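S.K.: Dropping the structure in here first, questions after.
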Amino acid sequence: MPPSFAAGSLDENAEISGPAPVLAEVVRSGFLEGRHRGSLVVLDAGGEVEFSLGNPSAPVFPRSTNKPMQAAAVLRAGLALAGERLALAAASHSGEAFHLELVRRMLAEQGLREDQLQCPPDLPLDPQEAENYLASGQVRDRVAMNCSGKHTAMLAVCLQAGWPTENYLAEDHPLQLLVRTVIEEAAGEQVTAVGTDGCGAPLMALSLTGLARSYRHFVSAADGSAERRVADAMRAHPEYVAGTRRPDTWLMRALPGTLSKMGAEAVQVVALPDGRALAFKIDDGSLRALGPVLARALRIAGVDDPVLERIGRAPLLGGGAEVGEIRAAF
């Protein structure tokens, strides 16, 4: 029987140190029904590790939490983006009408066609938006895919720089090499593996500690730098980064100056304006545990705001009534 390896490890020769700690518990009708394990790190205002659980030095695929670095690379390559457009370039948007309208406007402004996008056709990320979308008779398309803003920006900068557009997602494409440089500079560590993200873009692995440091770097970067311009656009227009019903939006609206981004497979990174930062990964990828873990991690980082109650609430239903909850376990 082949050996099993700790979730999140990209090194199949790594020593197995036992299961990761429990980050969240599933409690139904007073019965402990399940557990979500993972790793977490909290950095203090000086960028040093203040609190950790599990193994935050092990590499993980950051999924869409890499998007601010990808957007910064687009700026470094010379594309003039600002405001809502730049926020959308770093987004995992919900597929609300205002998201789709701006993606289509950006494509038209750059002389691009929807079929040039190499993200896969999809439904809106937000379940309510997906229902509305299907009810209106629409079908999966590339603009509705949550990464369409990023892909539009990538295509546009390739046109401007004279780089090929037909293979803009190739790992050795000039744009993707620049993305890797931005990621490694921001995180202060080397990319340890490269895979393929759900949208088809190269996916570059970092430790959770490196991820937290990268967001801290964006928040503290010099005015006018690509990193600071991305952070400022995301914080000024969080609805375009996420959506009107998303915790990242709620958090950035409630705590001005905060940079927050989730990624698939339950990855979350937050940087506060004073330099504190956190990152975590829930091993089983369950997004239902993300809110309670995020709220608890922010409290450990010293945040005290009513928005944490909203983010952390994750009720369980039985017969349409609330019968339990998912709660942080640390």
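S.K.: Could you give the accessible area per residue of the stretch 42-88, probe 1.4 Å, as a whole number in Å²?
M.R.: On the way: 1580 Å² over 47 residues.
Each residue of the stretch 42-88 exposes 34 Å² on average to a 1.4 Å probe.
S.K.: By per-residue mean of other Cβ atoms within 10 Å, what is the highest-first order of 274-286, 46-58, 202-214? Intermediate results must be reported in sequence, preceding the final value.
M.R.: Numbers: 274-286: 22.6, 46-58: 17.4, 202-214: 25.2.
Averaged packing, sorted descending, gives the order 202-214, 274-286, 46-58.
S.K.: Let me ask something additional. Once you have the Kirkwood Rh of the chain from its Cα pairs, apply Stokes-Einstein at 20 °C and 1.002 mPa s and quote D in µm²/s.
M.R.: On the way: Rh = 20.1 Å.
The Stokes-Einstein estimate is 107 µm²/s.
S.K.: With an 8 Å cut-off on Cα pairs and a minimum separation of 6 or more residues, tell me the relative contact order of the stretch 55-132 in percent.
M.R.: On the way: 34 pairs, mean separation 21.8, N = 78.
It rounds to 28 percent for the stretch 55-132.
S.K.: Over the chain, what is the mean sequence separation of C-alpha contacts under 8 Å (at least six apart), divided by residue count, expressed as relative contact order in percent?
M.R.: Numbers: 680 pairs, mean separation 79.3, N = 330.
Answer for the chain is 24 percent.
S.K.: Could you list, by residue number, the cysteines of the chain that have no other cysteine's beta carbon within less than 4.7 Å of their beta carbon?
M.R.: Cysteines of the chain left without a disulfide-compatible partner: Cys158.
S.K.: Once neighbouring chains are kept in place and the probe is 1.4 Å, which whole percent of the accessible area of the chain is contributed by carbon and sulfur?
M.R.: Of the solvent-accessible surface of the chain, carbon and sulfur hold 50 percent.
S.K.: Another question, then. Of Arg228, Arg180, Arg140, which is the most mobile in a GNM of the chain whose springs link Cα atoms less than 10 angstrom apart?
M.R.: Between Arg228, Arg180, Arg140, it is Arg140 that shows the largest mean-square fluctuation.
S.K.: Please list, in order, the residues from the stretch 92-109 whose amide nitrogen is less than 11 Å from a point placed 7 Å along the Cα→Cβ vector of Thr244.
M.R.: Taking a point 7 Å out along Cα→Cβ of Thr244, the residues of the stretch 92-109 whose backbone N falls under 11 Å are 96-99.
S.K.: On to the next question. Using alpha carbons only, how many angstrom separate the centre of the stretch 107-142 from the centre of the stretch 53-97?
M.R.: 19 Å
The values are calculated or read from the model by the stated rules, or taken from the named source; none is laboratory data. All figures in this text were calculated on a predicted structure; none of them were measured in a lab. Because the Cβ atoms are built from the backbone with ideal geometry, glycine has one as well, and the counts that use them run over all protein chains shown. The protein model used for the area step is the full one, side chains on, heavy atoms only, and it has no ligands, DNA or RNA in it. Shrake-Rupley method; radii C 1.70, N 1.55, O 1.52, S 1.80 Å.
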